[in-house]
Amino acid sequence: MPPVAPTSRQLASDNYAGLCPEALEAMQEANIGHAPGYGDDRWTTEAADLLRGLFETDCDVYFVFNGTAANSLALASLTRSYHSVLCHETAHVETDECGAPEFFSNGTKVLTMAGPEGKVTPAGIRHLVEKRSDIHYPKPKVVSVTQATEQGCVYSPAELRAVGEVARELGLKVHMDGARFANAVAALGCHPADLTWRAGVDVLCFGGTKNGMAVGEAVVFFDRALSAEFAYRCKQAGQLASKMRFLAAPWVGMLRDGAWLRHAGQANRQALRLHALLTPIPGVRPLRPPQANSVFVDLPPGAADAVRGRGWRFYDFIAGAGSRLMTAWDTSDADLEAFAADLRDVLGSSIR
Ligand SMILES: *Cc1c(COP(=O)(O)O)cnc(C)c1O
């Protein structure tokens, strides 16, 4: 028997969490009776309308199963095979999608830049675009930003506008990987439109899974011209759900009363609480104050394994440094106190 943590909840990823009640209830409502397939149902229409209302614009919305599909199909719709996508070197599209963006775009190359907090910068974008202008270089076409970043940081509206401006100037489209977009909105307290189309974002992959759904991400095209034939891409990639209502209904459940933002805000607050619990522990060094729903810490040698020996799970070096502790919509105070107590305990006893 593997060791069992004092709680069944973990700090490994927000995708360890189950479904939040709002998502589950909406799925149960959608489960009553029959409904048309392939998105011709009232749930899909309502979810897309709610997203248009949320963003206060007439965007084009699609639902796919996961984030890799959302990102790579969105990027494919913005590029041709000889183009390139510019992103941070730790971006999920570069490091965690098994080449899916390149595959679905038939060869579009992902070009990366370094930078603090997992963020692309106007200077980095300009450098990758202007360093070559010859026919032998894959033509830069898209800049991809992750909000919140893999390092758990958030782009401010001003940072996004600066990216948007340099992108316009250089003829690039802007894609946002928003697997944790809800956490970023909750952290910044600004209008979702100010973090997207008003800052120059052309397409957002809005994550539902890590926010408390079972499955499902929304691909939101603010520039509707870019979504031409997108439905065919989804179908060809195996991303057109025949029982689409079960991807869409949780969005209705989450959006109709603001649960998406409440849960993200709660996860963010728990990251702050965890940071406060860990900071006083001798030898434990948080890398930065949390901005969204993760805490990155350096632990003394042996401590990570020792606390894993008590049943806890979490990743090391996920975005280059430290151990990553991730909170979710359902992370309780007791979970965090139990983790901090176990960490204190192993540091006091087994590590010297
Ligand atoms: C989780 C995540 C995704 C989506 O991953 P899937 O496993 O394909 O759903 C995309 N981007 C980021 C930054 C993520 O953390």
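The values are calculated or read from the model by the stated rules, or taken from the named source; none is laboratory data. Just so we're clear, the structure is a prediction, and the values are computed from it rather than from any experiment. So basically every Cβ, Gly included, is an ideal-geometry build from the backbone, and we count neighbours across all protein chains shown. SASA here: full protein model, heavy atoms, side chains in, ligands and nucleic acids out. Shrake-Rupley method; radii C 1.70, N 1.55, O 1.52, S 1.80 Å.
Taking +1 at the Cβ of each Lys and Arg and -1 at the Cβ of each Asp and Glu, which of F314, I135, T79 sits farthest along the dipole of the chain towards its positive end, judged by Cα position relative to the Cα centre?
Result: I135.
Nearest 10 degrees, 0 to 90: what angle lies between the long axis of helix 21-30 and the longest principal axis of the chain (Cα atoms)?
With both axes taken from Cα atoms, the answer is about 40 degrees.
Roughly how far apart, in whole Å, are the Cα centres of region 237-294 and region 139-160?
First find each Cα centre; the distance between them is then 18 Å.
Which is the longest run of the chain containing none of the GluC sites (Glu not before Pro) found in DSSP loop states (not H, G, I, E, B) with at most 13 other C-beta atoms within 10 Å? Present the calculation step by step, with values, prior to reporting the outcome.
Working: sites that count: E56, E229.
That gives 57-228 as the longest site-free run.
How large is the Kirkwood hydrodynamic radius of the chain, in angstrom, based on all distinct alpha carbon pairs?
20.9 Å is the Kirkwood radius here.
Quick check for you: with a 1.4 Å probe and neighbouring chains kept, what is the accessible area per residue of the chain, in Å²? Show your work: numbers first, answer last.
On the way: 14900 Å² over 352 residues.
Per residue, the chain has an accessible area of 42 Å².
In whole Hz, what ³J(HN,Hα) sequence does region 167-180 give by Karplus (6.51, -1.76, 1.60; θ = phi - 60°), x for Gly and Pro?
4, 4, 4, 9, x, 9, 8, 10, 10, 10, 7, x, 3, 10
For K243, give me every one of the lysines with a C-alpha distance below 30 angstrom, ignoring sequence neighbours fewer than eight places off in its own chain.
Output for K243: K210, K235.
Counting only protein heavy atoms and using a 1.4 Å probe, what share of the accessible area of region 150-301 belongs to carbon plus sulfur, as a whole percent?
Taking all protein chains in place, region 150-301 shows 53 percent carbon and sulfur surface.
Given DSSP loops and a limit of at most 16 other Cβ atoms within 10 Å, what is the longest stretch of the chain that contains no such chymotrypsin sites (Phe, Trp or Tyr not before Pro)?
83-316
Let me know the charge dipole size of the chain about its Cα centre in debye, to the nearest 20, where only the beta-carbon of Lys, Arg (+1) and Asp, Glu (-1) is charged.
With only Lys, Arg, Asp and Glu charged at Cβ, the dipole is about 540 debye.
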